There are 2 protein chains.
Amino acid sequence: MRGRGTEDVRRHNLSTLLGLVHARGGVTRAEVTRELGLNRSTIGALVGALVEAGLLVEQAPSDGAPGRVGRPSLEVRPRTDGAEVLAGYVDVHAVQVVRVGLGGAVRGRRTVATSAPPTPARAAELLAAAARDLLAESPPGLLAGVGVAVPGLVRAGDGVIAHAPNLDWRDAPFADVVAAGLEAATGQRLRVDVANDADLGLIAEHRRGAAVGLSDVVYLCGTYGLGGGVLTGGHPLTGHRGYAGEVGHVSVDPDGRACRCGSRGCWESETLAAAWAEPFDLDPDAPDIADLVLARLAAGGVVSRRTRDKLSRAFARGLANIVHLFDPQAVVLGEGLWHRLWPEVRDDVMPWVDRLVMPAMRAGITVRTSALGEGSTVLGAAELAFTRLLQDPLALTQESPDPDPVLQG
Amino acid sequence: MRGRGTEDVRRHNLSTLLGLVHARGGVTRAEVTRELGLNRSTIGALVGALVEAGLLVEQAPSDGAPGRVGRPSLEVRPRTDGAEVLAGYVDVHAVQVVRVGLGGAVRGRRTVATSAPPTPARAAELLAAAARDLLAESPPGLLAGVGVAVPGLVRAGDGVIAHAPNLDWRDAPFADVVAAGLEAATGQRLRVDVANDADLGLIAEHRRGAAVGLSDVVYLCGTYGLGGGVLTGGHPLTGHRGYAGEVGHVSVDPDGRACRCGSRGCWESETLAAAWAEPFDLDPDAPDIADLVLARLAAGGVVSRRTRDKLSRAFARGLANIVHLFDPQAVVLGEGLWHRLWPEVRDDVMPWVDRLVMPAMRAGITVRTSALGEGSTVLGAAELAFTRLLQDPLALTQESPDPDPVLQG
């Protein structure tokens, strides 16, 4: 651990202020002063620096604060067009790109369906084409970064996909491939960060969704594979290479079915598309597998009841493991099969969770569905892209003084 | 997140400096300057403040640095008698107390065997008597705190043991009971912190044992129950109530044996004393169960071979889960059954780990035994007791100006 000087203090305070306004959307100076615990003149200087950098605006609050007397405190808000990012999500059946402004507003979206899982090169091509389309709609201010979500093991630091079982990618230097594709499409070298889809869904739900204000959360997502993102003590769980949180590959049954990972009886292979498709004789890779399963459950009958019982119990076993491992305030079911099935099977699963968790840990186990619905992963990729700006707001704005860097070439 | 002022900076720098010297034992001013990244005059002032507070000394380096010319850089060292702590460990068959000085030197130790697991009141009584004995040997300087390790779920913040299955404790306000016992025995109200044994073993191994310098580590310990302590990204995994890391209660076999936790087929019930005792017809609660198992393994035969194969595979399944969940640099086997068995079964377990872990995560899986041997848990309790002093060194020394606070009454 290093010591700290006054420049570190200023950078930390600017970062804290911008992060607060980015997450909340609008805060009064009085709230900022209270939250940061600094005196008013220091806050004034910090706000001033970020207004001057084009990242914040000060204005009268949106609601008139009725009943208050005296001059209303000005509200500090993010400049949605002051800094923007591009965010992508490569999934088994689609590639998606969104353009997001500071404060989290989605300013444009493109989704391209794919008939088969794309290769890394094809995915990068689709991402770049969508990005060019979105940027052509209006010139961005500062383009602060690009974030991309992938369902697989992403090596920390260099964005290499070590293994994405459901895309069938191995050792793909995907961040570099995307950066090259974007450069060809937009004429500009942009910084590209790639991360695991569940890790990013977690970040989005934590910033503006079902996990706001929580410090200990497990986020689960996926239909064909089960991704896990874990927040513990306010920190994302990454592991030393970036591969942690593979809750889908916790072995829950030594005699279970073979998993795409090479092992057997994984929580993923016992409870996701493959497990639901088999008893109902469905295609496990069908894009609408959730609808098909829901229809079979609604139709009832012996197979339906037996399947529901067996898979609810298997899913509960994994949820109990999660409680024992992470002692979370909430488990959030993000986009994917269990998110879709949850209203139908919740009352089958939860009594099993209660039975399987140690009595002392049972109280207050909360399983909830995503508040951002089918969009949390790509919104998390946008938050990833904002990271550098939020860490050191002035470094990035000073580094790119040109207000229109993308379209200049 | 709060903003920072200059007082925070000074406290942070003093804390960083004292933490460095406490962990390393002795460092030159040049090393301190390099590690903290601050200028020499700031370092001089920080060292001076901690020398004046009686926590550090400056002296010529212990080895004469042969071959060097010029004046040797003075070495900053912890004052072993400048601040001390008491640390306890309540286990199934014994209660242990050590007296530890700043820098980690053990200055005294008492171990009391118990015929049956003690009640909270009895454990507190044994701890207090041993503490009084240890303090009577020489008057301590500043007694900075008391830490106690317990094999169970310890609620964060108040030291209540929610459940310790192998001691059969439930909802025991143990920190308060220990503080009252120590007050009766020493005449002084001391701050007592209680934590899970594995969480503390991890801290000790991280500071001076098998996990020094690592950021992602899983520590396992126990003979009758399997405790887990997890360090992830440099942060201890606690969960929101303090109960996280219960890797022993990850369900690895839906048809496995009943576990003391109330569930079935837990990693703990499938691989610890109960699992080894059954095929060999041994008493699973025997204090020397590890010796008995090792004797049976050495004797060979069909049962021995079958048991070794089955339990090695079951242990490997849990290790593979740990790799998938935490992506650690190392798994450390701390005090307990697997630590004792490891030299004998290592070559049976590791090939299974390799087969069960996803190929992309296999490289560099390290399982090693504790470097502190049978002492890591209680040494971790000592580190817990030093926490407050290390966080804000001058607050505690100024709060207790009397050099002999314990024996003054």
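What follows draws every value from the coordinates through simple rules; no lab data is involved. If you're wondering where the values come from, they're calculated on a predicted model, not measured in any experiment. In this analysis, Cβ positions are derived from the backbone assuming ideal geometry, glycine residues included, and neighbour counts consider all displayed protein chains.
Quick check: the angle from helix B:337-356's long axis to the longest principal axis of chain B, C-alpha only, nearest 10 degrees? The answer is roughly 70 degrees.
Taking each residue of B:25-36 in turn, how many C-beta atoms of other protein chains fall within 10 Å of its C-beta, and what is the average?
Averaged over the peptide's residues, the number is 1.
Computed on the Cα trace of the range A:289-409, the radius of gyration divided by the Kirkwood hydrodynamic radius gives Rg/Rh = 1.21. The residue list A:311, A:28, A:321 was ranked by how far each Cα lies along the charge dipole of chain A toward its positive end, using unit charges on Cβ atoms, and A:28 comes out on top.
When only C-alpha pairs under 8 Å and at least 6 residues apart count, what is the relative contact order of chain B, in percent?
Values: 804 pairs, mean separation 71.4, N = 409.
Result for chain B is 17 percent.
Between helix A:174-186 and chain A there is an angle of about 50 degrees, using the helix long axis and the longest principal axis of the Cα atoms. Considering only Cα atoms, the convex hull volume of the range A:1-132 works out to 173 Å³ per residue. Applying the Kirkwood pairwise sum to the alpha-carbon positions of chain B produces a hydrodynamic radius of 22.7 angstrom.
If you average over every viewing direction, what projected area does the convex hull of the Cα atoms of the range A:77-166 give, in nm²?
Working: hull surface 24.9 nm².
Directional mean of the projected Cα hull area for the range A:77-166 stands at 6.2 nm².
Provide the percentage of antiparallel DSSP beta bridges, counting only those with both residues in chain A; round to the nearest 5. Restricted to chain A, the bridges split so that about 65 percent are antiparallel.
With label points defined 7 Å past Cα in the direction of Cβ, position residue A:369 shows copy-to-copy spacings of 5.3 nm, given to one decimal and shortest first.
Need one value for A:359-371: mean number of C-beta atoms belonging to other chains within 10 Å of its residues' C-beta atoms. Mind dumping the intermediate values first?
On the way: counts 5, 14, 10, 1, 2, 2, 0, 0, 0, 0, 0, 0, 0.
Rounded to a whole number, the mean comes out at 3.
Close amide-amide hydrogen proximity is noted between residue B:28 and B:76, each under 5 Å apart and 5 or more residues distant or on a separate chain (H modeled in the peptide plane; Pro and chain starts excluded). Ascending distances from the residue B:158 label point to its copies in the other chains, with the point 7 Å along the Cα-to-beta-carbon line: 5.1 nm. Each part reduced to its alpha carbon centroid, the range B:119-182 and the range A:79-153 end up 55 Å apart.
Treating the angle as unsigned and between 0 and 90°, give the value, to the nearest 10°, between the Cα long axis of helix B:376-391 and the longest Cα principal axis of chain B. It works out to around 30 degrees.
Based on DSSP H segments of at least four residues, each scored -39500 (n - 2.57), chain B has a per-residue ellipticity at 222 nm of -13500 deg cm²/dmol. For the range A:214-371, the equivalent ellipsoid derived from the Cα gyration tensor has semi-axes of 25, 18, 15 Å, listed largest first. Counting only Cα atoms, the size of the range B:88-130 along its three principal axes is 34, 15, 12 Å, in decreasing order. Once the cut-off is 50 Å, how many percent of the Cα-Cα pairs in the protein assembly as shown end up in the long-distance tail? Every Cα pair in the protein assembly as shown considered, those over 50 Å come to 22 percent.
Take residue B:258, push a point 7 Å out from Cα through the beta-carbon direction, and compare it with the same point in every other copy: 3.8 nm, smallest first. Considering all different alpha carbon pairs of the range B:182-298, the Kirkwood hydrodynamic radius works out to 16.4 Å. Using only side-chain charges placed at the Cβ, +1 for Lys and Arg and -1 for Asp and Glu, the dipole size of chain B relative to its Cα centre rounds to 940 debye.
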